[in-house]
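Undergrad: Take this structure, written in structure tokens, and hold onto it; I'll ask about it next.
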Amino acid sequence: MPSYSAAERRQTRPRGPPPPEVKVITIEAQEVQVPIEFVGQILGAEDIAIRARVEGFLEGIHFEEGGEVEAGQLLYTIESQPYEADVAAFMSWVAEAKTMLAKATSDLNRIRPLAKAKAVSESDLDSAVAEFEAAEASVQAAEANLRASKINLSYTRVKAPITGIIGKTNAKVGDFVGRSPNPVILNTVSNIATVRVQFYLTENQFLQVARRIQELEKAKQEPVDSRKAKPSTLKMYLADGSLYPETGTFDFIDRGIDPTTGSILIQVSFPNPEELLRPGQFARITTYSETLENGILVPQRCVSDLQGIQRVFVVGNDNKVEERRIDRGPQIGSSFLIR
């Protein structure tokens with residue numbers, strides 16, 4: 001077995017791996033728009049419930065479920081025979097009342113000249129006038145009932161109140177509909193050319209958003225040349241994480257904060273030209289709560305979390321690494337804002 005000297009053994013000893021290469025990222029302060037996010041529910045610009053306004057059995061459905069309907073388009077028909085019978089009965093009542101009015105008018109026209117000539121008593125004239133006025137009132141009442149019966153007859157043909165997309169019908173042919181006090185909602189028609197998104201803010205969030213709106217309103221009043229470029233204030237992310245291409249506008253902020261939940265309702269609108277958005281969807285709404293003139297953004301991969309303590313490694317002027325604890329703010333893109 002060959003023998004080696006100490007120097008030879010040191011030369012043949014395997015060397016350790018080289019030190020790992022560490023990438024260093026230079027961070028510079030910059031103006032940062034701090035986002036704030038909310039989860040909201042999408043509604044149509046108009047969501048109109050279709051109800052039967054008269055009772056009866058459903059006789060026909062005249063639309064394609066999930067399709068588009070035009071305002072005034074026939075949607076449902078309800079059995080009309082009882083209402084047609086009412087119309088016929090009231091037409092007969094109107095004819096009878098008009099006959100009585102014609103007789104009362106003839107009697108009054110005959111008695112008036114006789115009363116002037118003192119050929120009949122004043123009581124006879126008063127009686128004729130009263131009969132005429134009663135007959136005239138009977139005609140008016142009969143015509144009003146006839147109009148009401150025709151309106152009820154028209155309600156047997158349920159038509160679309162607006163142009164939009166109609167949903168799945170909740171009643172089938174042969175179902176009895178329209179019974180009070182809880183008539184079946186036959187369907188819903190939604191106008192989705194523009195959609196509304198409703199969400200709730202806590203009191204603190206509301207103050208942040210309200211201040212931001214005030215800033216934007218002031219910016220609109222400034223001369224165009226002095227305005228500072230600002231990003232779109234309202235963006236929407238869909239359930240699959242994709243950014244919706246249209247930007248939104250504020251509709252309204254509710255009158256007051258609900259004392260039971262400590263939140264306030266906010267509504268915003270988004271154009272929906274491709275009809276991608278449908279009522280009932282949920283989405284994340286992003287707006288900007290504040291602007292930091294000297295914000296620090298650090299890539300997410302540079303921030304480590306150990307038992308709830310966030311930290312980064314900072315390279316000093318002496319080229320030495322120092323661990324530093326941070327107060328991490330919200331995520332902005334692929335970075336964290338360092339508070």
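Undergrad: Would you confirm, using the coordinates I've provided, whether A144 is touching a Gly at 6+ places or on another chain (Cβ under 9 Å) and surrounded by fewer than 14 Cβ atoms within 10 Å (Cβ to Cβ)? Can you show your working first?
TA: On the way: touching a Gly at 6+ places or on another chain (Cβ under 9 Å): no; surrounded by fewer than 14 Cβ atoms within 10 Å (Cβ to Cβ): yes.
Spelling it out, it is not the case that A144 is touching a Gly at 6+ places or on another chain (Cβ under 9 Å) and surrounded by fewer than 14 Cβ atoms within 10 Å (Cβ to Cβ).
Undergrad: Give the number of residues within segment 171-204 that are over 30 Å from Q267 (Cα atoms) and in a strand (DSSP E or B).
TA: Of the residues in that region, 2 qualify.
Undergrad: Hey, could you check segment 153-170 for residues that are within 25 Å of the chain's Cα centre (by Cα) and in a strand (DSSP E or B) and say which is farthest from D47 (Cα to Cα)?
TA: Of all residues in segment 153-170, those within 25 Å of the chain's Cα centre (by Cα) come to 158-170.
From what's left, in a strand (DSSP E or B): 158-159, 164-166.
Values: V158: 16, K159: 15, G164: 9, I165: 10, I166: 10 Å.
Looking at residues that are within 25 Å of the chain's Cα centre (by Cα) and in a strand (DSSP E or B), I get V158.
Undergrad: I'd like to verify a number: residues in segment 295-310 that are free of Cβ contacts under 8 Å to residues at least 40 places away in the same chain, under 16 Å from V22 (Cβ atoms) and not hydroxyl-bearing (S, T, Y), how many?
TA: Let us first name the residues in segment 295-310 that are free of Cβ contacts under 8 Å to residues at least 40 places away in the same chain, namely 300-301, 303-310.
Remaining after also requiring under 16 Å from V22 (Cβ atoms): 301, 303-304.
Right, trim to not hydroxyl-bearing (S, T, Y) and you get 301, 303.
Total satisfying the criteria: 2.
Undergrad: Tell me yes or no: at least one residue of segment 302-312 is surrounded by 12 or more Cβ atoms within 10 Å (Cβ to Cβ), among the acidic types (D, E) and either outside any loop (DSSP other than H, G, I, E, B) or in contact with a helix residue (DSSP H, G or I) (Cβ under 7 Å, 6 or more places away or on another chain) (or both).
TA: Looking through segment 302-312, none of the residues is surrounded by 12 or more Cβ atoms within 10 Å (Cβ to Cβ), among the acidic types (D, E) and either outside any loop (DSSP other than H, G, I, E, B) or in contact with a helix residue (DSSP H, G or I) (Cβ under 7 Å, 6 or more places away or on another chain) (or both).
Undergrad: Something else now. Scan segment 85-114 for residues that are buried (at least 18 other Cβ atoms within 10 Å of the Cβ), of a type in the set (G, A, S) and more than 30 Å from T156 (Cα to Cα) and jot them down.
TA: Within segment 85-114, A104 is the sole residue that qualifies.
Undergrad: Of everything in segment 249-263 that's β-branched (V, I, T) and more than 21 Å from K235 (Cβ to Cβ), which residue is surrounded by the fewest Cβ atoms within 10 Å (Cβ to Cβ)?
TA: Taking segment 249-263 as the starting set, the residues that turn out to be β-branched (V, I, T) are 249, 253, 257, 260-261.
Filter once more, keeping what is more than 21 Å from K235 (Cβ to Cβ): 257, 260-261.
Working: I257: 16, T260: 6, T261: 9.
Result: T260.
Undergrad: Out of the residues in segment 67-84 that are among the hydrophobic types (A, V, I, L, M, F, W, C) and part of a strand (DSSP E or B), state the one that is surrounded by the most Cβ atoms within 10 Å (Cβ to Cβ). Give the steps one after another, and end with the answer.
TA: Here is the first cut: in segment 67-84, the ones among the hydrophobic types (A, V, I, L, M, F, W, C) are 69, 71, 74-75, 78.
This time we only want the ones that are part of a strand (DSSP E or B), so: 69, 74-75, 78.
Numbers: V69: 22, L74: 14, L75: 20, I78: 24.
The residue in question is I78.
Here, each number is a calculation from the coordinates, and none is a lab measurement. All of these numbers come straight from a predicted model, not from anything done at the bench. Every residue, glycine as well, gets a Cβ built from its backbone with ideal geometry; the counts of neighbours run over all protein chains shown.
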